[in-house]
1. Can you tell me how many residues within the range 336-368 are within 30 Å of Ala301 (Cβ to Cβ) and either in contact with a helix residue (DSSP H, G or I) (Cβ under 6 Å, 6 or more places away or on another chain) or open to solvent by 60 Å² or more (accessible area, probe 1.4 Å) (or both)?
2. If you check Arg256 against the conditions, is it touching a Leu at 6+ places or on another chain (Cβ under 6 Å), in contact (Cβ under 8 Å) with a residue 60 or more places away in the chain and either on the phi > 0 side of the Ramachandran plot or among the charged types (D, E, K, R) (or both)?
3. Ser261 versus (1) open to solvent by less than 30 Å² (accessible area, probe 1.4 Å); (2) within 23 Å of Asn207 (Cβ to Cβ); (3) in a strand (DSSP E or B): which is the lone unmet condition?
4. Consider only pairs whose beta carbons are under 8 Å apart and that are at least six residues apart or on different chains; among these, list those whose first residue lies in the range 560-585 and is of a type in the set (Lys, Arg) and whose second residue is assigned to a strand (DSSP E or B) and open to solvent by 10 Å² or more (accessible area, probe 1.4 Å).
5. It is to be established whether one or more residues within the range 218-241 are charged (D, E, K, R), within 30 Å of Met330 (Cα to Cα) and touching a residue at least 40 places away in the same chain (Cβ under 8 Å).
6. Within the range 43-68, take every residue that is in a loop (DSSP other than H, G, I, E, B) and open to solvent by 50 Å² or more (accessible area, probe 1.4 Å) and give me the one that is farthest from Phe117 (Cα to Cα).
7. Could you check the range 474-567 for strands (runs of 3 or more DSSP E) lying wholly inside it with 1 or more residues that are in contact with an Asp or Glu (Cβ under 7 Å, 6 or more places away or on another chain)?
8. Here is a check on your reading of the model: is Gly264 farther than 25 Å from Val355 by Cα, of a type outside the set (Phe, Trp, Tyr) and out of contact with any Cys (no Cβ under 7 Å at 6 or more places or on another chain)?
Amino acid sequence: MVASVVIAACFGEAKLATSRQAVIVPDRDPVEMGSVVVGQMVTTSPAITLSPETETSDDTITSITESCADFALSLPNGGSGQVFCSGGPIGSGSAPTFALGGAGYGTGACVPVTYSFNATFMPSGPGSASCAVTVNYTPTGGGSGSSRLITLNGTGTAPAFALTVTPPTISFSDHPIGSTSSATTVAVKNTGSMVLTVTGTNSNPSNFSVAPVGAANFGSQSLTSGQQVGFSVRCTPIALGPITGVLTFDSAAGPRTVTLSCNGIGASNLAITPVPGDFGPTLVGRAPANLSIQITNSGTAATTLSVALAAGASPELAIVTNPNGMNLPMGMPTNVVLSYSALTDHPSGSLGTLVVNYTGGTARNIAINGTALPAEIGAAPAAIDFGPICVGETATKPVMVYASAAGNVDIATVTGAAPPFGVTRTTGTLQGNHGNTIDFMATVSPTAPGELMDSFTLNTNLPNNPARSFPLKATALPAGVTPTPDLVHFGPGRVGMTTSAKTIEVSNCGNAPINITAARIEGTSANDFAIVSPENPVMSLPQMGSVKFLVVMSPRQSGTKAAQLVIEYDGGTVIADLDGNGFGGDETALLDRETYYACSTGSGGGLAPLALALGLLLRRRRRA
């Protein structure tokens, strides 16, 4: 007979838009990841734990999903598992008594089997970030599936001094002596929190020229946090053969360099433009427009062209219009058209070399450059929950939308959010890696009581999923004084331990202010619950105002707990029901500090299969 049970007592607030809480209860929601320096990573501690709501809970987690660039999940067993009570009347409501390791369980006893997972937060840029995690589950005994939303929040903070310079290398290809290449832009951005003085130097000004783009001068720049300037760089070779140079940008963040290369060649009977060929930046999965390179026969006689990509070119680069083998008359132009599929990440730089040869002359090597950046957007908060709102009241919530990956994202239109919800219709461009935010204002003005749900959609240039929707929720309250929720499940709690606090919000939806005169816990298990906030419940509550009461459970004995939070005011009384379950009183032989799938650290992997096998055994016995 198996002699131990893997358990946990990780319980906490489940903040929902309805007045009834979810069947699967996370130990905390939202999950606050704190402030993290950009590029560094933090992991939830303790792990996020999903627990059964009551002793009759018995649910199977089918999947846990998220799509947030700044956050990631570590999901044991691929994001599936069981959450149930291993002792007590499960499913059918029967109350069997059975022995395990010498200890017995009967009605009301619940040793929770939980599922735990970790989340990580690594901000790609400074500012608030948020992620909606969806837990999908089904009742093990049958019934329709459901889902539970958990919000992860974090804030990226910029280091004091940080500087990015792109691209790190530029190849200007072959150029006849005295001819000037097309321009390539070097972007210099202050990604730190402090003002940076950036000094630029050019190691080879004879062959490479640098001109400011929106900047005062090349030699010295004072950049505020987030400010970017560009420099237009060209090559004009003055001698035959390979030419190199380095642009250096010095600041308190340390030196950043751009390596330059060019090749001086003799006179050519081909005039080629642009050189180098540059596709410019695009988003991964969104192919840019084709790049056309014009070749003109500037000689005194017709010539035959030979055009191909050199070995080693990116497999995403292809020639779609090729004048290879063409006899090009004197003074006539033709075009090579290239395409770039941009299927994978590619930082700014070379995609390959186009080789153009002709009869009677030297081959020309043309550098082809491109940039394909991943793109994603997020919103803080990721899910907009207005909570309880009095009918006739208007509530507002700010929503910050940002680009959480390297690529810029265009918001073309904003749709959705029908009355009683509303949202501002702001459009614009989101700069990559939290370079800026577009701020929206969401509102709700309920006209009738009930649960309200809707969403608003940002229509973007994201390649694979351009329409991004963000949920809106509210609970519209009728006239009078209402607690939300009116029933709070604390779930199983270890005897002698205190659960995390749960919130009951009391709203005054009457036509005048009220005075709260007292708040207390009543009922058969009143001694197992306590009000921890506010310290003094006597207060005046204005019309359309609300106050939050925080309540904890500290079970003194094993078994079912039931009580009521009673709040008296000068017009009457409101009541919120409380229930929970104490475990671990006399049954310490069954208790272990590890949880199903290791509650806090992911350790104890050898115990998880034991817990699963035990849980299945217990359910089979109860259902027999």
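The values are calculated or read from the model by the stated rules, or taken from the named source; none is laboratory data. All figures in this text were calculated on a predicted structure; none of them were measured in a lab. Methodologically, a virtual Cβ is constructed for each residue, glycine included, from the backbone with ideal geometry; neighbour enumeration extends over all protein chains shown. Keep in mind that these areas ignore ligands, DNA and RNA; they rest on the heavy atoms of the full protein, side chains included. Shrake-Rupley method; radii C 1.70, N 1.55, O 1.52, S 1.80 Å.
1. Matching residues across the range 336-368 total 4.
2. Judged against the criteria, Arg256 is a match.
3. (1)
4. Lys561/Phe529; Lys561/Asp579
5. yes
6. Thr56
7. Result: 481-484, 487-494, 502-508, 514-522, 546-553.
8. no
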